[in-house]
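Trainee: Got a structure here, written out as structure tokens. Questions coming.
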Amino acid sequence: MTDDDPGTTADDAETAGDSAESGTAVRGDRFSGGPARAFLSSLAADDAIFAADLAVDRAHVVMLAEQGIVDDAVAGEILAALESVEAAGHGALPDGEDVHEAIETAVIDRVGPDGGRMHTARSRNDEVATCIRYRLREDLLAVAEATLTLREALLEVAEAHAETVMPGYTHLQPAQPTTVGHYLLSYEGGIARDTERLLGAYDRTNRSPLGGAAFAGTPFDVDRERTADLLGFDGLVRNSMDAASARDFLAEAATACATLSTTLSGLAEDLILFSNKGFLELSDDYSSTSSIMPQKKNPDTLELTRGVAGDAIGEATGTLSLLKGLPRAYNRDLQRAHASVFAVADDVREAAEVAAGAVATADWAEGTLASAAGDGFSTATGVADLLAAGGMPFRTAHEIVAAAAEGIGDADDPATAAAKVDEAAREITGEPLSAHVSREDVEAALDPTESVASRDSAGGPAPDAVAEALAASGVELDDDAEELATRRDALAAATERLETEVATYV
Ligand code: ARG
């Protein structure tokens, strides 16, 4: 039996007080034991929603008092008991099937039977759904914040290397020269969409199911808007059956994390390959070494970043598989859905932060990148574009350059390569290149830096286009940071509102 095993221990029996002998406050001596007890209990994993449950209890009790459903004096006693339960911590909770039951038992232990009024007009079904959303929204904001940190790092390095020429690849074969700035902006664009997805998932998570009760509402005159407001929710999950049952917000959070970590794994893979080619050196802070080969500097942090994607994809698949085909309304399967989403969100957040650090501190080997930028006749497309711009059909230009490519090696200087293109042109069209373009322009097109500078279409790698993209991305990043801060502020304000209300009773 481990420390966090929910089964009975001497300590549990002590803290549970009288209720330990008679099961819990909720079940008395029915359903209180048996061999499946540990299997049924989520108490250990519920550590993640201990703070959430206390907040939900407080908001509910304040609302019950305001609606005249419980006396102010009883509300005060319950709220005081909740403070003492909070101070004692999750580990001090009495035994129970879950944190909701254990906190209720602890409240009744402190207040007496009136403590049992706390659970008026609600069920553990709307209660747990509210707790999960309350907790998950913090996780989503933390992951979203990590995406902002990473975007900031990508933009900074992209700006510093807006003119650092490097080889660009398709199929992992040299394709066209680009710049480090343009390359990094490609990931910034992807991560910006991840920020959007996470904030969208947040907005759909941040709705209150509280007051839905077991699934079928309650005869008590509850004020659902009030509890939603005290807990910082932007609105309600209106239908009470939807409120108790829905976990699509969990699936959405898991897939948003999985999508982000898939983008991160691509970035990690690239940087691992680039460090293998000597294009980049990771800082020691983001590397590890071998226990036997003293010369080794390994990109372990990036490998782990790549690895987290496996867990995140597994989590998204697992969540959807658990939810698939579940009938309305509440089923206990749901107890297994959320804790692992919280854990994966944490891993993905950390992976994004580590990726940000690795990007911000890596050293790009400008010389090596420049000399590799033209490898594999990667400027060929630019030469074909030049011929087409000079009036030749693009398909003919493509044919000429393809024919020349066979004879052009990495060692050829621009003059030699241009001569080979000229030869191919004569063979294929019967005309010299000079009929269409100057030799000078052909040589320029063969130069990786010139090649990059010529591709100045919107979003392209030319320094001007990169500068424009950097400016636009910077504005979007600031906007997203504001969106995040607005949500954080709203949550902090709600926490204050709830504290202020509670203080009027205690
Ligand atoms: N621990 C449970 C969960 O996480 C709480 C809800 C229990 N509801 C019930 N009807 N058994 O889902």
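Trainee: Condition first: acidic (Asp, Glu), touching a residue at least 40 places away in the same chain (Cβ under 8 Å) and outside any loop (DSSP other than H, G, I, E, B). Now tell me which residues in segment 79-114 satisfy that.
Mentor: Hits for segment 79-114 are Glu83, Glu101, Glu104, Asp109, Asp114.
Trainee: Six or more apart or on different chains, Cβ atoms under 8 Å: show the pairs whose first residue is in segment 310-328 and over 10 Å from Val341 (Cβ atoms) and whose second is open to solvent by 40 Å² or more (accessible area, probe 1.4 Å) and aromatic (Phe, Trp, Tyr).
Mentor: Arg328/Phe215
Trainee: Can you find, within segment 232-271, the residue that is surrounded by the fewest Cβ atoms within 10 Å (Cβ to Cβ) among those that are more than 17 Å from Leu150 (Cβ to Cβ) and among the β-branched types (Val, Ile, Thr)?
Mentor: In this case the residue turns out to be Thr255.
Trainee: Being surrounded by fewer than 24 Cβ atoms within 10 Å (Cβ to Cβ), within 13 Å of Arg110 (Cα to Cα) and touching a residue at least 40 places away in the same chain (Cβ under 8 Å) is the filter here, so list the residues in segment 68-78 that pass it.
Mentor: Val74, Gly76, listed by residue number.
Trainee: I would also like to ask the following. Using beta carbons and a limit of 7 Å, which pairs, at least six apart or on different chains, have the first residue in segment 419-444 and modelled with pLDDT of 90 or more and the second one open to solvent by 50 Å² or more (accessible area, probe 1.4 Å) and in a loop (DSSP other than H, G, I, E, B)?
Mentor: Within 7 Å, the pairs are Ala425/Glu431.
Trainee: Assess whether Gly391 counts as being surrounded by fewer than 18 Cβ atoms within 10 Å (Cβ to Cβ) and at positive phi.
Mentor: Spelling it out, Gly391 is indeed surrounded by fewer than 18 Cβ atoms within 10 Å (Cβ to Cβ) and at positive phi.
Trainee: Being polar (S, T, N, Q) and open to solvent by less than 30 Å² (accessible area, probe 1.4 Å): is that true of Thr305 here?
Mentor: Yes: the conditions hold for Thr305.
Trainee: Tell me which residues, restricted to segment 343-379, are over 11 Å from the mean Cα position of the chain (by Cα) and more than 30 Å from Ala415 (Cα to Cα).
Mentor: Those that are over 11 Å from the mean Cα position of the chain (by Cα) and more than 30 Å from Ala415 (Cα to Cα): Ala343, Val354, Ala355, Ala356, Gly357, Ala358, Val359, Ala360, Thr361, Ala362, Asp363.
Trainee: Condition check: open to solvent by less than 20 Å² (accessible area, probe 1.4 Å), among the hydrophobic types (A, V, I, L, M, F, W, C), in contact (Cβ under 8 Å) with a residue 24 or more places away in the chain and within 16 Å of the ligand (Cβ to nearest atom). Does Ala345 satisfy that?
Mentor: Here the answer is no, as Ala345 does not meet what is asked.
Trainee: Okay, next question. From the list Val437, Val466, Val442, which residue is open to solvent by less than 50 Å² (accessible area, probe 1.4 Å), more than 22 Å from Asp194 (Cα to Cα) and part of a helix (DSSP H, G or I)?
Mentor: Val442
Trainee: So Ile292 fits all but one of (1) more than 27 Å from Asp47 (Cβ to Cβ); (2) of a type in the set (A, V, I, L, M, F, W, C); (3) within 16 Å of the ligand (Cβ to nearest atom); what number is the exception?
Mentor: The one condition Ile292 does not meet is (3).
Trainee: Taking the options Leu282, Leu323, Leu264, Leu273, name whichever one is under 26 Å from the mean Cα position of the chain (by Cα) and within 16 Å of the ligand (Cβ to nearest atom).
Mentor: Going through Leu282, Leu323, Leu264, Leu273 in turn, the sole match is Leu323.
Trainee: Another question, then. Collect the residues in segment 214-231 that are surrounded by fewer than 23 Cβ atoms within 10 Å (Cβ to Cβ) and of a type outside the set (D, E, K, R), keeping them in residue-number order.
Mentor: Ala214, Phe215, Ala216, Gly217, Thr218, Pro219, Phe220, Val222
Trainee: Just to verify a result, which residue in segment 79-102, among those that are open to solvent by 50 Å² or more (accessible area, probe 1.4 Å) and among the acidic types (Asp, Glu), is farthest from Phe39 (Cα to Cα)?
Mentor: Filtering segment 79-102 for residues that are open to solvent by 50 Å² or more (accessible area, probe 1.4 Å) and among the acidic types (Asp, Glu), the one farthest from Phe39 (Cα to Cα) comes out as Glu83.
Trainee: Just name the residue that is farthest from Ala59 (Cα to Cα) out of those in segment 82-114 that are acidic (Asp, Glu) and away from the ligand (no atom under 16 Å from the Cβ).
Mentor: Asp109
Trainee: Here's something else I'd like to know. Could you run through segment 411-434 and say how many residues are closer than 22 Å to Arg455 by Cα and open to solvent by 60 Å² or more (accessible area, probe 1.4 Å)?
Mentor: 1
Trainee: Select from segment 103-115 the residues that are small (Gly, Ala, Ser) and either crowded, with 17+ Cβ neighbours inside 10 Å or in contact with a His (Cβ under 8 Å, 6 or more places away or on another chain) (or both) and list them in ascending order.
Mentor: Of everything in segment 103-115, those that are small (Gly, Ala, Ser) and either crowded, with 17+ Cβ neighbours inside 10 Å or in contact with a His (Cβ under 8 Å, 6 or more places away or on another chain) (or both) turn out to be Ala106, Gly115.
Trainee: If I filter segment 399-410 down to residues being outside any helix (DSSP H, G or I) and surrounded by fewer than 16 Cβ atoms within 10 Å (Cβ to Cβ), which single residue comes out as nearest to the chain's Cα centre (by Cα)?
Mentor: Asp410
Trainee: Sticking with this structure for a sec: Those residues that are buried (at least 20 other Cβ atoms within 10 Å of the Cβ) and within 16 Å of the ligand (Cβ to nearest atom), I need them from segment 49-67; list them, please.
Mentor: Ile49, Phe50, Ala52, Asp53, Val56, Asp57, His60
Trainee: Quick one: what pairs do we get from segment 165-192, first residue open to solvent by 50 Å² or more (accessible area, probe 1.4 Å), second of a type in the set (S, T, N, Q), C-beta under 6 Å, 6+ apart or different chains?
Mentor: Pro174/Ser378; Gln176/Ser378; Gln176/Thr381
Trainee: If you don't mind, another one. I want to confirm something. Restricting to segment 311-328 and keeping residues that are open to solvent by less than 50 Å² (accessible area, probe 1.4 Å) and out of contact with any Cys (no Cβ under 9 Å at 6 or more places or on another chain), which single residue is nearest to Leu369 (Cα to Cα)?
Mentor: So the residue we want is Gly314.
Trainee: Any residue at all in segment 288-301 that is under 25 Å from Leu334 (Cβ atoms), part of a helix (DSSP H, G or I) and either touching a Ser or Thr at 6+ places or on another chain (Cβ under 6 Å) or at pLDDT 95 or above (or both)?
Mentor: no
Trainee: Also, I was wondering about something else. Is it the case, given these coordinates, that His119 is within 15 Å of the ligand (Cβ to nearest atom), of a type outside the set (Val, Ile, Thr), touching a helix residue (DSSP H, G or I) at 6+ places or on another chain (Cβ under 9 Å) and open to solvent by 30 Å² or more (accessible area, probe 1.4 Å)?
Mentor: yes
Trainee: Conditions first: (1) in a helix (DSSP H, G or I); (2) within 16 Å of the ligand (Cβ to nearest atom); (3) modelled with pLDDT under 65; (4) hydrophobic (A, V, I, L, M, F, W, C). Ala16 passes all but one, so which condition is the exception?
Mentor: (2)
The values are calculated or read from the model by the stated rules, or taken from the named source; none is laboratory data. None of the values given here were measured: they were computed from a predicted structure. Ideal geometry is used to build each Cβ from the backbone, glycine not excepted, and the neighbour counts take in all protein chains shown. Heavy atoms of the whole protein, side chains included, go into the accessibility calculation; ligands, DNA and RNA do not. Shrake-Rupley method; radii C 1.70, N 1.55, O 1.52, S 1.80 Å.
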